Amino acid sequence: MLKTRLSSFDVKILVNEIDQLVKGSIISNIYQSNSTFIVKIHTREGRKDLILEPPYRFNLTKYEYEKPTMPPNLCRALRKRLRQGRIEEVVQVNDDRIISIKIRRSSNVHYLVLELIREGNLLLLDENKEIELVLNPARMRDRIILPRAKYVPPPKSYVDVLKNSPEEILRYMKDGRGELIRNMVVRLGIPSEIAEEICFRCNIDKKKEVKSIDLSEIVDIIDMYHKLLDEAIRGRKGYIFIKDEHYISFAPIRLLHLEEQGISVKEYLSFNEAIDEYFIRVMLRAKKEKGQEKLERKKEKILREIQECKKRLDEYTRLAKRYREMADLVFVRLNLVNFLLEKVRELKELYRSWKDVEEVIKKDGKLAGYIRGIMPSESKIILIIDRYEVPLNLMRSAQENAGRFYELSKEYERKVRRIHEVLEEKERELEELLKEEVVEEKKPTLRRKLRWFEKFHWFITSNGHVVIGGKDFKQNELIVRRYLADNDLFFHADIHGAPVVVLKVDGEEISEDEIYEAAQFAAAYSRAWKLGMSAIDVYWVKGNQVSKSPPSGEYLPKGAFMVRGKRNYIRNVPLILGIGLSPSDEALIISGPPSIIKKECILWVEIVPGSMSKSEVAKLIYKFFIDNVGEELRQMLSEVKMDHIMSLIPGSSFIVRKGKRGD
């Protein structure tokens, strides 16, 4: 049976693992798609995404999931309260499938509670454990899950194996009924796969009657539970179990009872990693199966429609033929039919009552031979002509009745033609559908680990040196404080509102070309671009000439700095920037001085200050790249977000040149 959610045993191990990874992390954003929440956090090891998906899972993911652009109301409320909050601890509540994340933002404390029980839930509690926000509000017999109510976890319905004595557990188990395995799950709260493993490793018959269990077996069960728990905590591994190439289960320990059945096992370096991989694969498989079901339903619908069309076709063909035959019969016996119609009308005029008319007809052998019956409510008689029953309207002549039959025959012939068209159309649809194949959805892309300089504007010089530039005043501050060494070169456009740009020297000689490249970069990302200027002066100094310490009695605002000594100016540096496609670089699409971009990239554009918005220019750049590459690169480009290209563009621009490497 496919495992679809974490057990209490899984939660116990995973909480221990994740707490160590995220403690002290800062929450930078929260996203919500249906009932799945992604908490974007910054840890000591860099950015991570924490997935909270009630009632299924809770894990850190290395994959880049699609995030909705418009957050729902609950997501907005969570952002308002938790962004920039620090995670202090992650704990399991009541040894159950409930996780509590303690978050502190300045003096405010919140608890983000994920319930993986029943249909699942996500709650935000204040420091007094009162509910502020809730995904699924509910009023239950044993607790209330509504805003402003005190949060109470569900009561335990089992005896805790870790806290009760063997004698107490034995007494409680003896009150049970049925098989041992079922009572281990229900009465001791041991997850089914762990209960199976305990019985397997202890060589206890899982199907034995629970009332026949003795104290020694209870001791063995408790000891083995402790052993498995210790094995999971110490092992720090994760395992996925695979049957017929499908993932069917996961656990923080090896499940020998599954391996005994020939089920293969795949080991991972951590339990979190195993869960991440498992749910990705299971999610894709579920989507494929859902797509297959949708295809089958569509096929069944078309087959039903085809069947209905054939049924109608037979019926309409029969009616078209029948009406034409009746019309022909009436025309062949026109005088007789007119006589009979007139005779019945005369009798009705004479006797007034249809009952009397019918009596007269029955007594008249000649009339009775032709007239089978009268339908007074419809003003019709049924004649027998050459052994065929023909219903005729008494208010019409024989010619008019025959004409009406011809009209009806033509009407049904038109319907037959239309049904033929519909049938052919449905058969074509079915043929196309049978060719269709549900393609398995692409796995979400692995989140690429950014290089240290990629959080800034950056490029690599012609001689291989890294150049970084601040995106805002905070990054300017960070670059000067943390990344500017004494021998590095510091660049700044001669205008207020320019980024700090640093050329990392690393003890090597720097060429004049590299200095000019860095100056171009500093000019392009300065406020001069937004002002629509065509050129700007740029100066450079050594790192030891730049200080964050102001002269005595003065104050330096955040992002500002002091430059002492001589400044080396490069006059009239043109504002022009290259953006290119470089398959050899991890970032794929990069920016920099045109000379560098033309050399490093297979496709490139040059932009200058202009009137087109960043989004318009980004779309044009992306289209130029996607239209001029093969399938493999096109696939890689499909994973590039438009935001990335827009982040490379300094402001409103024009594309002045496009080209390929070597142009």
Value of D in µm² per second that Stokes-Einstein yields for region 1-129, Kirkwood Rh from Cα pairs, at 25 °C (0.890 mPa s): 166
Pairs of Lys in region 556-663 closer than 19 Å at Cα, counting only those 8 or more apart or on different chains: 14
Solvent-accessible area per residue, Å², over region 591-658 with all protein chains present [probe radius 1.4 Å]: 48
18 Å Cα-Cα threshold exceeded, pairs from K455/K530; K321/K410; K12/K40; K301/K426: K455/K530; K12/K40
Inter-probe distance in nm under a simple model that places probes 7 Å from Cα toward Cβ, at H257 and R387: 7.8
Rounded to whole Å, sorted largest first: equivalent-ellipsoid semi-axes of region 170-298, Cα gyration tensor: 32, 20, 12
Area accessible to solvent at H42, 1.4 Å probe radius, in Å²: 90
Förster radius 51 Å - calculated FRET efficiency between E427 and T4, Cβ distance, rounded to 0.05: 0.80
Centre separation in Å (Cα based) which lies between region 1-57 and region 602-663: 36
Intensity falloff of the chain expressed as log10 I(q)/I(0), Debye formula with alpha-carbon point scatterers, at q = 0.08 Å⁻¹: -0.84
Cα-based reach from K48 at 14 Å (exclusive), listing aspartates and glutamates while leaving out same-chain residues under 8 positions away: D19, E64, E273, D276
Using alpha-carbon coordinates, inclination of helix 8-22 to the longest axis of the chain, degrees: 40
Radius, Kirkwood style, for region 109-197 when every pair of distinct Cα atoms is counted (Å): 15.3
Region 547-663 - Kirkwood radius from inverse mean 1/r over Cα pairs (Å): 16.3
Reach of K23 by Cα under 15 Å, taken over aspartates and glutamates that are not fewer than 8 positions away in the same chain: E45, D49, E88, E89
Distance cut-off 19 Å, percentage of C-alpha pairs in region 60-142 lying past it: 45
Per-pair calculated FRET efficiency, R0 = 35 Å: F654 and S33 via Cβ, rounded to 0.05: 0.40
Protein accessible area in the chain, 1.4 Å probe - carbon and sulfur %: 49
Expected 222 nm ellipticity per residue - DSSP helices of 4 or more, -39500 (n - 2.57), all of the chain, to 500: -13000 deg cm²/dmol
Alpha-carbon radius of gyration plus Dmax, which is the widest Cα pair, for region 373-502 in Å: 43.6, 117
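The values are calculated or read from the model by the stated rules, or taken from the named source; none is laboratory data. Source: prediction; values computed, not measured. Counting neighbours? That spans all protein chains shown, and the Cβs are built from the backbone with ideal geometry, glycine included. Protein only, heavy atoms only, side chains kept; ligands, DNA and RNA dropped before computing areas. Shrake-Rupley method; radii C 1.70, N 1.55, O 1.52, S 1.80 Å.
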